[in-house]
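Pasting a structure below so you can have a look.
The values are calculated or read from the model by the stated rules, or taken from the named source; none is laboratory data. Keep in mind it's a predicted model, so treat the numbers as computed, not measured. Every residue, glycine among them, receives a Cβ derived from its backbone with ideal geometry; neighbour counts consider all protein chains shown. In case anyone asks, the SASA skips ligands and DNA or RNA and just uses the protein heavy atoms, side chains included. Shrake-Rupley method; radii C 1.70, N 1.55, O 1.52, S 1.80 Å.
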Protein chains: 2
Amino acid sequence: MGTNFAELDPVIHSRVRLAVMILLLHAESADFTYLKKELEVSDGNLSTHLRKLEKVKYIKMQKRFENRKPKTTISLTEKGRNALDEYTTILDAYLLLASKAK
Amino acid sequence: MGTNFAELDPVIHSRVRLAVMILLLHAESADFTYLKKELEVSDGNLSTHLRKLEKVKYIKMQKRFENRKPKTTISLTEKGRNALDEYTTILDAYLLLASKAK
DNA sequence: AAAAATAACTTTGTATTGCAAAGTACTTTA
DNA sequence: TAAAGTACTTTGCAATACAAAGTTATTTTT
């Protein structure tokens with residue numbers, strides 16, 4: 001896109017995945033059910049979004065058993081943190097343009 | 001989605017459509033070729049994005065001939081302006097959460 | 001004055017995405 | 001011990017995004 005509208009990372013530019021990344025930035029780590037409740041998405045939907053983030057190594061998932069139940073703990077990677085930082089910087093520029101016109 | 005992550009209008013939450021809306025907010029009106037050059041998208045891609053914005057009445061398109069050539073002039077509607085305003089407000093809240101964690 | 005080129009789009013075909021229903025592998029409760 | 005619950009993953013399908021091809025109107029070559 002043109003100079004004013006730099007490319008927004010399509011892996012992050014999704015309502016669910018952006019929210020996941022931001023939650024992880026705060027929480028340092030979170031488990032599957034916490035994210036599911038917080039974001040009010042279906043299991044299947046969350047699962048596929050997480051896979052997509054994992055595939056590009058923006059998050060990592062650790063699976064283990066806690067109280068005999070499976071427990072997936074998800075956390076941001078350094079790469080993910082950097083990608084989110086770049087994404088928000090670009091998006092800030094978009095929003096600045098939007099606010100200047102008001 | 002949960003309380004912290006309000007629903008982002010999916011019609012606006014697209015790289016191209018968000019940029020179109022912001023450009024229109026500044027320019028008051030713009031023509032097809034201007035948007036195409038500014039956003040560096042293909043004709044077909046831009047056309048379908050504009051249709052989507054028009055369908056929900058966020059923009060309106062006026063078609064006429066200028067210098068014997070077709071010319072489509074696109075502008076934001078009041079509804080579109082309000083929708084963009086709400087979208088940016090919600091997105092600002094997302095980004096605030098992202099920046100607080102840094 | 002046909003034929004080829006250009007402008008400004010729209011439509012079509014296809015690959016990718018997003019979502020929830022269904023499936024898996026257990027564990028807890030009745 | 002059958003039924004219900006937990007914590008996910010996989011599957012099927014509808015919606016989206018994109019560019020290639022098509023359309024319409026006009027202009028420039030030959």
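Looking at the stretch B:63-74, which of the residues that are open to solvent by less than 100 Å² (accessible area, probe 1.4 Å) and modelled with pLDDT under 90 is nearest to A:F5 (Cα to Cα)?
In this case the residue turns out to be B:T72.
So which residues in the stretch B:7-40 are away from DNA strand C (no atom under 14 Å from the Cβ) and over 11 Å from the mean Cα position of the chain (by Cα), if there are any at all?
Answer for the stretch B:7-40, where residues must be away from DNA strand C (no atom under 14 Å from the Cβ) and over 11 Å from the mean Cα position of the chain (by Cα): B:H26, B:A27, B:E28, B:E40.
For B:E7, only one of the following conditions fails: (1) within 16 Å of DNA strand D (Cβ to nearest atom); (2) in contact (Cβ under 8 Å) with a residue 60 or more places away in the chain; (3) touching a helix residue (DSSP H, G or I) at 6+ places or on another chain (Cβ under 7 Å). What is its number?
Here B:E7 meets the rest and fails (3).
Look through the stretch A:42-52, keep the residues that are open to solvent by less than 40 Å² (accessible area, probe 1.4 Å) and within 7 Å of DNA strand D (Cβ to nearest atom), and return whichever of them is nearest to the other protein chains (Cβ to nearest Cβ).
Among them, the one singled out is A:L46.
Going by the conditions given, is A:T89 in a helix (DSSP H, G or I) and over 13 Å from A:F32 (Cα atoms)?
Against the criterion (in a helix (DSSP H, G or I) and over 13 Å from A:F32 (Cα atoms)), A:T89 qualifies.
Now a separate question. Output the number of residues of the stretch A:78-93 satisfying the condition of being open to solvent by less than 20 Å² (accessible area, probe 1.4 Å) and more than 10 Å from chain B (Cβ to nearest Cβ).
Residues in the stretch A:78-93 being open to solvent by less than 20 Å² (accessible area, probe 1.4 Å) and more than 10 Å from chain B (Cβ to nearest Cβ): 2 in total.
One line per residue, one yes/no per condition, for (1) within 27 Å of A:K36 (Cα to Cα); (2) surrounded by fewer than 20 Cβ atoms within 10 Å (Cβ to Cβ); (3) within 11 Å of chain A (Cβ to nearest Cβ):
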{"site": "B:A6", "(1), (2), (3)": "yes, yes, yes"}
{"site": "B:V16", "(1), (2), (3)": "no, no, yes"}
{"site": "B:E40", "(1), (2), (3)": "no, yes, yes"}
{"site": "B:V56", "(1), (2), (3)": "no, yes, no"}
{"site": "B:K60", "(1), (2), (3)": "no, yes, no"}
{"site": "B:L76", "(1), (2), (3)": "no, no, yes"}
{"site": "B:L95", "(1), (2), (3)": "yes, yes, yes"}
{"site": "B:S99", "(1), (2), (3)": "yes, yes, yes"}
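To keep it simple, each residue is scored yes or no on (1) of a type in the set (V, I, T); (2) without any contact (Cβ under 8 Å) to a residue 12 or more places away in the chain; (3) in contact with a Lys or Arg (Cβ under 7 Å, 6 or more places away or on another chain); (4) under 30 Å from B:I22 (Cβ atoms).
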{"site": "A:E28", "(1), (2), (3), (4)": "no, no, no, no"}
{"site": "A:Y34", "(1), (2), (3), (4)": "no, yes, no, no"}
{"site": "A:K37", "(1), (2), (3), (4)": "no, yes, no, no"}
{"site": "A:R51", "(1), (2), (3), (4)": "no, yes, no, no"}
{"site": "A:K60", "(1), (2), (3), (4)": "no, no, no, no"}
{"site": "A:T73", "(1), (2), (3), (4)": "yes, no, no, no"}
{"site": "A:E78", "(1), (2), (3), (4)": "no, yes, no, no"}
{"site": "A:D92", "(1), (2), (3), (4)": "no, yes, no, yes"}
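How about the stretch B:18-38: which of its residues are β-branched (V, I, T), surrounded by 15 or more Cβ atoms within 10 Å (Cβ to Cβ) and more than 9 Å from chain A (Cβ to nearest Cβ)?
Scanning the stretch B:18-38 gives a single hit, B:V20.
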